[in-house]
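Engineer: Dumping the structure here so I can ask a few things about it.
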Amino acid sequence: MKIGFIGLGHMGSPMAKNLLKAGQDVTVFNRTPDKSRHLVALGAHAAAALCEVCQREVVITMLTDDVAVSDIAFSNAGLIASLPEKAIHVSMSSISVELSKRLAKAHALAGQRYIAAPVFGRPDMAAAAKLFIIAAGDPATIDDCMPLFESLGQKTSRMGAEPAGANLVKLSGNFLAAAIIEALGEAIALVGKAGIEPHLYVDLLTSTAFNAPAFRLYGSLIAEGSFAPASFAAPLGYKDIRLALAAAEQLHVPMPLASLLHDRFLQLFAQGGDQLDWSAIGGLAAHDAGQRPDTSASSTRSAA
């Protein structure tokens, strides 16, 4: 299958590499051309222009936010203008419900196919082809893309025929993860203030009632105070909380906890933590309790 891949960041680069490993014909494009060199060495083709990478059977986008996806999709020589008729755009970015709806409509008018397939997983899971993929859109189109998804992840879950449904599920999942981070941070600060060793506490939690990947990962990071370098940067987590709140407002669903998380990210940024991993909001409770001086990048230990 001839694939175009747009976006070679922390997630996109290992994903494109796994497609190459699976024997796919991959053409890559990134606004910073240097990011494609290691993939070219593995057999990828580097597109000199955006319109060139769009001349493929399937084009995957893995970009940071709505602005980046909109620029790629709706520019004069962009994805919708250049993608062949009946070709497929697979949007794997975490974007708003509204943008996903707009993309679905624009692709349909252009005679192209569109599915949303955002993922759960951090860069290490992307590298190991262990992502969890949430796919929504035309069932036959998803079927056509399943060989690609099997090269990228350990499980693909279908969430209906409306692509935007996958984006809403992704945003809801990131809201839940942020809520876990905040709850862990408060619990660890509570026992830590009483003199209980945070690592022992996290080991207890994750070996008993809270034996889940999210608790193990984020509990360890919070106990260690290791929020740099960022695997998932705090501004991206903040973006997803904002998008979840926007969807909730549209659907008239109160989300008071999401509003709290929104403000926790703002507090983190006010302390200079905008370069940290999003799990750094879990360190705010200890700061508030007087256990840590701050959560800025200059005072936080690097993650192992």
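Engineer: Could you tell me whether Val202 is buried (at least 19 other Cβ atoms within 10 Å of the Cβ) and out of contact with any Cys (no Cβ under 9 Å at 6 or more places or on another chain)?
Structural biologist: Values: buried (at least 19 other Cβ atoms within 10 Å of the Cβ): yes; out of contact with any Cys (no Cβ under 9 Å at 6 or more places or on another chain): yes.
When the stated conditions are applied, Val202 passes them.
Engineer: (1) under 12 Å from the mean Cα position of the chain (by Cα); (2) within 20 Å of Val26 (Cβ to Cβ); (3) not in a loop (DSSP other than H, G, I, E, B): which one isn't true of Met146, the others all being true?
Structural biologist: (1)
Engineer: Could you figure out which of (1) modelled with pLDDT of 95 or more; (2) surrounded by fewer than 23 Cβ atoms within 10 Å (Cβ to Cβ); (3) under 28 Å from Arg242 (Cβ atoms) isn't true of Arg122?
Structural biologist: (1)
Engineer: Give Ser226, Ser231 a once-over and let me know the one that is closer than 24 Å to Ile95 by Cα and in contact (Cβ under 8 Å) with a residue 24 or more places away in the chain. Step through it out loud before you land on a result.
Structural biologist: Values: Ser226 fails: closer than 24 Å to Ile95 by Cα.
None of the other options fit; the residue is Ser231.
Engineer: Would you check which residues across segment 36-75 are assigned to a helix (DSSP H, G or I) and in contact with a Phe, Trp or Tyr (Cβ under 8 Å, 6 or more places away or on another chain) and list them? Lay out the reasoning, then the answer.
Structural biologist: Going through segment 36-75, the residues assigned to a helix (DSSP H, G or I) turn out to be 36-41, 50-53, 66-74.
Result: Ser36, Leu50, Glu52, Val53.
Engineer: Let me ask something else. Kindly evaluate Ala234 against the criterion of being at pLDDT 95 or above and more than 23 Å from Ala126 (Cβ to Cβ).
Structural biologist: On the way: at pLDDT 95 or above: yes; more than 23 Å from Ala126 (Cβ to Cβ): no.
It is false that Ala234 is at pLDDT 95 or above and more than 23 Å from Ala126 (Cβ to Cβ).
Engineer: Report yes if some residue within segment 200-212 is of a type in the set (Asp, Glu), at pLDDT 95 or above and in a helix (DSSP H, G or I); otherwise report no.
Structural biologist: Just the residues of segment 200-212 that are of a type in the set (Asp, Glu), to begin with: 203.
Subset that is at pLDDT 95 or above: 203.
Going one step further and asking which of them are in a helix (DSSP H, G or I), we end up with 203.
Yes, segment 200-212 has at least one match.
Engineer: Only one of Ile180, Ile188 is part of a helix (DSSP H, G or I), in contact (Cβ under 8 Å) with a residue 40 or more places away in the chain and assigned by TED's automatic domain parsing to the domain that holds Met255; which? Give the steps one after another, and end with the answer.
Structural biologist: On the way: Ile180 fails: in contact (Cβ under 8 Å) with a residue 40 or more places away in the chain.
Selected residue: Ile188, the only one of Ile180, Ile188 that is part of a helix (DSSP H, G or I), in contact (Cβ under 8 Å) with a residue 40 or more places away in the chain and assigned by TED's automatic domain parsing to the domain that holds Met255.
Engineer: Tally the residues that are closer than 20 Å to His107 by Cα and of a type in the set (S, T, N, Q), restricting the search to segment 117-156.
Structural biologist: 1
Engineer: In segment 10-17, is there at least one residue being among the basic types (Lys, Arg), touching a residue at least 12 places away in the same chain (Cβ under 8 Å), in contact with a strand residue (DSSP E or B) (Cβ under 8 Å, 6 or more places away or on another chain) and under 21 Å from Phe149 (Cα atoms)? Can you show your working first?
Structural biologist: We begin by selecting, within segment 10-17, every residue among the basic types (Lys, Arg); these are 17.
Within this subset, residues satisfying the condition of being touching a residue at least 12 places away in the same chain (Cβ under 8 Å) are 17.
Now restrict to residues that are in contact with a strand residue (DSSP E or B) (Cβ under 8 Å, 6 or more places away or on another chain): none.
Checking segment 10-17: not a single residue is among the basic types (Lys, Arg), touching a residue at least 12 places away in the same chain (Cβ under 8 Å), in contact with a strand residue (DSSP E or B) (Cβ under 8 Å, 6 or more places away or on another chain) and under 21 Å from Phe149 (Cα atoms).
Engineer: Separate question: Among the residues that make up segment 215-235, is at least one of them in a loop (DSSP other than H, G, I, E, B), of a type outside the set (Ser, Thr, Tyr) and either touching a Leu at 6+ places or on another chain (Cβ under 7 Å) or surrounded by fewer than 14 Cβ atoms within 10 Å (Cβ to Cβ) (or both)?
Structural biologist: Yes, some residue in segment 215-235 is in a loop (DSSP other than H, G, I, E, B), of a type outside the set (Ser, Thr, Tyr) and either touching a Leu at 6+ places or on another chain (Cβ under 7 Å) or surrounded by fewer than 14 Cβ atoms within 10 Å (Cβ to Cβ) (or both).
Engineer: Within segment 37-56, which residues are among the small types (Gly, Ala, Ser) and buried (at least 21 other Cβ atoms within 10 Å of the Cβ)?
Structural biologist: Passing the criteria: Ala44, Ala47.
The values are calculated or read from the model by the stated rules, or taken from the named source; none is laboratory data. Since the structure is predicted, the reported quantities are computational estimates derived from the model, not experimental observations. Because the Cβ atoms are built from the backbone with ideal geometry, glycine has one as well, and the counts that use them run over all protein chains shown.
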